[in-house]
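Since the structure comes first, as structure tokens, the remarks are kept for the end.
The values are calculated or read from the model by the stated rules, or taken from the named source; none is laboratory data. Here the structure is a predicted model, which is why all the values come from computation and not from measurement. Cβ coordinates were reconstructed from backbone atoms using ideal geometry, including for glycine residues, and neighbour counts include every protein chain displayed. Just the protein is used for accessible areas: all its heavy atoms, side chains included, with ligands, DNA and RNA removed. Shrake-Rupley method; radii C 1.70, N 1.55, O 1.52, S 1.80 Å.
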Amino acid sequence: SDLVKAFEVRSSNSVLRGFGIRRFAPSVPDLGAVTLERSGIRLEHMAVLDSSTTAISAVESGVTLRIVHVARSGMLGVHGNHSDGLVLDRVLSEDNNTERFNTSPVSGGVKVTRARDITVRDSVFRDNRGPGLWLDESVYDMTITGNEMRDNSGHGASVEISAKAVFADNVVAGNGGHGIKVNNTSDVRLWNNTFVGNGRSINLVQDGRRHGPSAAGRDPRYPNDPTMTWLLGPVEVFNNVIANPQSGNCLLCVEDYSGQRSAEQIGVVADSNVYNRVSSGSPRWVVVWSRGAGNPAVFTDVAGFESATGQERNGSLITGSPVVDASGRATGAMPSGSSARSLPADIANLVGPSTGTRHHGAW
């Protein structure tokens, strides 16, 4: 191609609907083959294929992508920055980073930075060379429900130096990195997800970064943002199926690399999860649990974890028989839902089942 962009949309509330775009050649500074540069823009029933770097870039508020297929971008499928109110609804982002850019600082299915009020629902992020979904650099108020993150070379989902996230009713399977990595992010709720065949299934980590007016990764619109601390926690981990990692050394992993806070001080609460592994040595550790300074505590079974911490009073560990298949569908070895925690009204309103429903994993 000798054409850089298909569209620069610079009229508020514009709608692009019902056609395909392919083989445009934006360089990285051009942001994307399609750039959405004013508020309220919608893309519906669209395909953006074979872009040289990034397919779609949203850089203003109120953008919606609904029933959009993005594939074979050279670096990244969908980019968002300062895209407050961004909605990704039934988006398929697959086989991106064909040019094999470095995984970091940007690659894969979707990356959103420095934005607020983000909704990602009923979408699929698969076979990307990099993360499936990556929310980073002071993203506030994320709702991620009903999605599939499958067979990406990086993490299925990554939430980093941000705040306030609900991650519920997602299937995260077969990713080369962790199932979900939550890094330096406060107020996180992980409910009724199915993790199978990833690296570490749930990896909750803190490093030395802290928010401040000169910190790299802050949203310059909010230099003294009280919603951003870049401190991990609190984190709820309820009703998840955490199964059979392909490479990780633990199922639920909580670590503070800065050596300052224990998992209790971070505010991690775990209950009614189903842990599943092939054998007692694969992985050996069911839980890695920060003690602050020094090495974390490690637990080889749920009973020992409960006895030492009071967590997982209704959790269960099944060794041997898989409770889900490789795609995340439940098998006959799945425990009864009676041991699950009742679904609270706010989570139920997001994912569909009635308030009070008891169920393990995604629906």
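Results, tabulated for the structure shown:
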{"quantity": "The range 1-82: equivalent-ellipsoid semi-axes (sqrt of 5 x gyration tensor eigenvalues, Cα, Å)", "calculated": "18, 14, 11"}
{"quantity": "5 Å-binned pair-distance histogram of the range 32-158 (Cα, whole percent)", "calculated": "3, 13, 25, 27, 22, 8, 1"}
{"quantity": "Surface per residue (accessible, 1.4 Å probe) for the chain, Å²", "calculated": "37"}
{"quantity": "Compactness relative to 2.2 N^0.38 Å, alpha carbon Rg of the range 127-203", "calculated": "0.96"}
{"quantity": "Reachable lysines from K5, criterion Cα separation under 22 angstrom, eight or more residues apart if same chain", "calculated": "K111"}
{"quantity": "Cleavage-rule hits (trypsin sites (Lys or Arg not before Pro)) in the range 1-52: DSSP loop, at most 12 neighbouring Cβ within 10 angstrom", "calculated": "R10"}
{"quantity": "Once the Cα gyration tensor of the chain is diagonalised, semi-axes √(5λ) in Å", "calculated": "35, 22, 18"}
{"quantity": "Size of charge dipole - the range 33-88 - debye, nearest 20, with Cβ of Lys, Arg +1 and Asp, Glu -1, no other charges", "calculated": "100"}
{"quantity": "Percent accessible area from carbon and sulfur atoms, the range 1-129, protein chains only, probe 1.4 Å", "calculated": "45"}
{"quantity": "Solvent-accessible area, 1.4 Å probe, carbon plus sulfur percent, for the range 231-363", "calculated": "48"}
{"quantity": "Convex hull volume per residue in cubic angstrom - Cα atoms of the range 242-306", "calculated": "81"}
{"quantity": "Estimated translational D of the range 313-356 in µm²/s (Stokes, Kirkwood radius over Cα pairs; 37 °C; 0.692 mPa s)", "calculated": "267"}
{"quantity": "Cα shape, the range 161-227, gyration tensor, a/c 1.5 rule", "calculated": "prolate"}
{"quantity": "Alpha-carbon radius of gyration plus Dmax, which is the widest Cα pair, for the range 212-331 in Å", "calculated": "17.0, 51"}
{"quantity": "Rel. contact order, % - alpha carbon contacts under 8 angstrom, at least six apart, the range 272-340", "calculated": "36"}
{"quantity": "Net charge of Cβ neighbours under 9 Å - reference S272; Lys, Arg +1; Asp, Glu -1", "calculated": "+1"}
